[in-house]
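The values are calculated or read from the model by the stated rules, or taken from the named source; none is laboratory data. Fair warning: this is a prediction, and the values are worked out from it, not measured in the lab. FYI the Cβ positions are ideal-geometry reconstructions off the backbone, even for glycines, and counts take in every protein chain you see.
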Amino acid sequence: MKKLHILLAIFAVVLAVSCEGFLDVKPSNQASAETYITSVSDAEIMINGVMSQMTSSSYYGRNMFMYGDAKGGDFALRSQGRGLDQLYTFNHSHSSNSYSGYWTHLYNIIAQLNNLLLNIEKLEEEGEGSSALSNYKGQALTLRALVYFDLVRMYGKPYNMDKASYGVPLILEPLDASAQPTRASVEQVYAQIVADLTAGAPLLSKAKKNGYVNYYANKAIQARVYLYMENWAASLAAAEEIINSGIYTLYTPENWVNSWTVQFNTESIFELYIVTGESDLTSGSLSFYLRRHGHGSTSAMGWYMASDYWIERMNEDPNDVRWGVMDYDESFDQTGVKRYGSCYKYSGSTTFAGDGKGSATAVNIKVIRLSEMYLIAAEAAIGTGNKAKAADYLNAIRKRSPSLAPATAANVSVDMVLDERSKELFGEGHRFFDMMRLNKTITFNDDFIYPFVVITHREKTIDRTFYKTILPIALGELNANEAIRSQQNPGYATID
């Protein structure tokens with residue numbers, strides 16, 4: 001029987017990244033994949049390896065954020081053939097442009113986390129548990145929940161659309177290479193996510209530890225997950241616990257732009273460290289993908305720019321401080337006015353300041369920021385019927401648009417929050433998923449590149465009934481796992 005793709009490298013020892021706070025040592029026992037974790041130091045190595053894997057181009061290092069924005073209407077493709085075109089064009093099939101790297105890479109991370117959890121539980125059963133080991137267990141559970149959340153959003157329908165439909169396989173322990181796991185329902189996957197987060201939270205420290213998840217990162221993921229499930233009360237409670245903790249503070253309008261030049265700033269709840277020379281993707285980085293053509297390097301091809309629709313949204317206030325991370329792109333209007341569609345969050349600044357490592361492409365990835373928690377709290381408060389509270393949370397972020405009138409209890413709406421999420425979280429991988437969960441129509445800025453590129457794999461306007469809004473199970477996986485062959489996502493071919 002063929003080896004299942006999601007088990008590739010399932011027991012590989014992942015070396016720790018060599019940066020401050022990360023150990024550069026090897027596990028104490030490499031003889032057996034299921035027993036080599038014998039100490040707190042070994043557990044730390046495994047967590048370090050997972051963190052390193054999360055910075056891969058197949059995940060938060062680039063493609064996860066590109067997936068969320070290229071598909072959501074806030075990005076526009078500048079020219080064909082420059083990279084990741086198929087995300088924007090929805091040119092996916094099970095045999096070509098399947099983006100199977102998401103599936104394979106994320107399941108590899110899950111395999112590492114499952115191995116860590118199994119070994120910690122063995123140590124606990126042998127009476128060798130400790131508070132440090134419990135903390136790593138909490139981190140592993142939290143990270144597994146996050147990875148499954150990302151998988152089910154890409155491969156399953158929105159929770160509030162059809163939670164009985166196929167999600168992804170739930171693999172919670174190391175498997176034999178011949179295993180043939182089948183897909184759980186969307187509802188079952190979300191239930192496991194919640195279970196992992198609930199079990200992990202009390203094991204985690206509330207202290208900040210840069211580059212790792214803590215108790216509040218767990219709560220932030222809970223806030224996200226419950227928002228998608230439309231459990232407004234639970235989402236609001238999780239977001240407010242973080243907001244009221246005093247551990248994190250919002251960037252002021254004056255320091256918002258410079259916040260991108262600083263590692264682990266006051267809003268950073270979960271931030272991945274990008275190491276120069278290791279996890280730095282250089283010309284394949286988000287920095288390169290979002291800057292204008294030729295800026296700083298002839299290798300910068302101007303892959304993706306802000307769409308006209310996003311720019312129109314931002315133009316509601318020319319004094320919005322968030323213009324400070326935008327620069328002009330290749331386009332000019334008929335009067336020669338520059339179009340500010342290039343995003344420099346992942347370059348540190350429009351002058352390539354970076355974030356203190358001497359490289360403008362080795363900027364840390366801010367996976368979860370406090371700003372998002374305020375926006376989640378605003379939307380969840382609307383869901384609970386407390387519009388006054390919603391307006392207060394929304395206005396805390398709208399201060400970055402000083403010329404806009406504050407929201408009030410009388411006019412605050414989910415659409416206002418959605419617009420603010422678009423502005424604040426631009427380039428951070430949320431827009432497409434927001435549009436899907438809220439059952440919105442996405443209109444693409446295809447005329448930005450017409451007639452040089454003609455989009456043939458989707459219409460200019462789509463909604464979540466379009467089958468390509470979820471990814472296909474790749475041909476390699478179908479060939480490797482007979483059991484999953486009949487569980488392909490609707491609209492895609494099952495097998496060649």
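Yes or no, residue by residue, for (1) buried (at least 19 other Cβ atoms within 10 Å of the Cβ); (2) in contact with a His (Cβ under 6 Å, 6 or more places away or on another chain); (3) among the hydrophobic types (A, V, I, L, M, F, W, C):
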position	(1), (2), (3)
SER285	yes, no, no
MET305	yes, no, yes
PHE332	no, no, yes
GLY336	no, no, no
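The condition of being aromatic (Phe, Trp, Tyr) and surrounded by fewer than 22 Cβ atoms within 10 Å (Cβ to Cβ) holds for only one of TYR88, TYR99, that being TYR99. Residues satisfying the criterion are present in the range 150-160 (criterion: surrounded by fewer than 23 Cβ atoms within 10 Å (Cβ to Cβ), touching an Asp or Glu at 6+ places or on another chain (Cβ under 6 Å) and of a type outside the set (A, V, I, L, M)).
Of all residues in the range 189-228, those satisfying the criterion of being aliphatic (A, V, I, L, M), within 18 Å of the chain's Cα centre (by Cα) and buried (at least 20 other Cβ atoms within 10 Å of the Cβ) are VAL189, ILE193, LEU197, VAL213, ALA217, ALA220, ILE221, ALA223, VAL225, LEU227. Quick one: would you say ALA164 is surrounded by fewer than 23 Cβ atoms within 10 Å (Cβ to Cβ), in the same structural domain as THR38 (by TED's automatic domain parsing), part of a helix (DSSP H, G or I) and among the hydrophobic types (A, V, I, L, M, F, W, C)? Criteria not met by ALA164.
Scan the range 55-102 for residues that are in contact (Cβ under 8 Å) with a residue 12 or more places away in the chain, at positive phi and not small (Gly, Ala, Ser) and the total you get is 3. Number of residues in the range 118-136 that are crowded, with 23+ Cβ neighbours inside 10 Å and under 23 Å from ALA191 (Cβ atoms): the value is 1.
Counting only helices (runs of 4 or more DSSP H) wholly contained in the range 227-320, the ones carrying 2 or more residues that are closer than 30 Å to SER79 by Cα occupy 286-290, 308-314.
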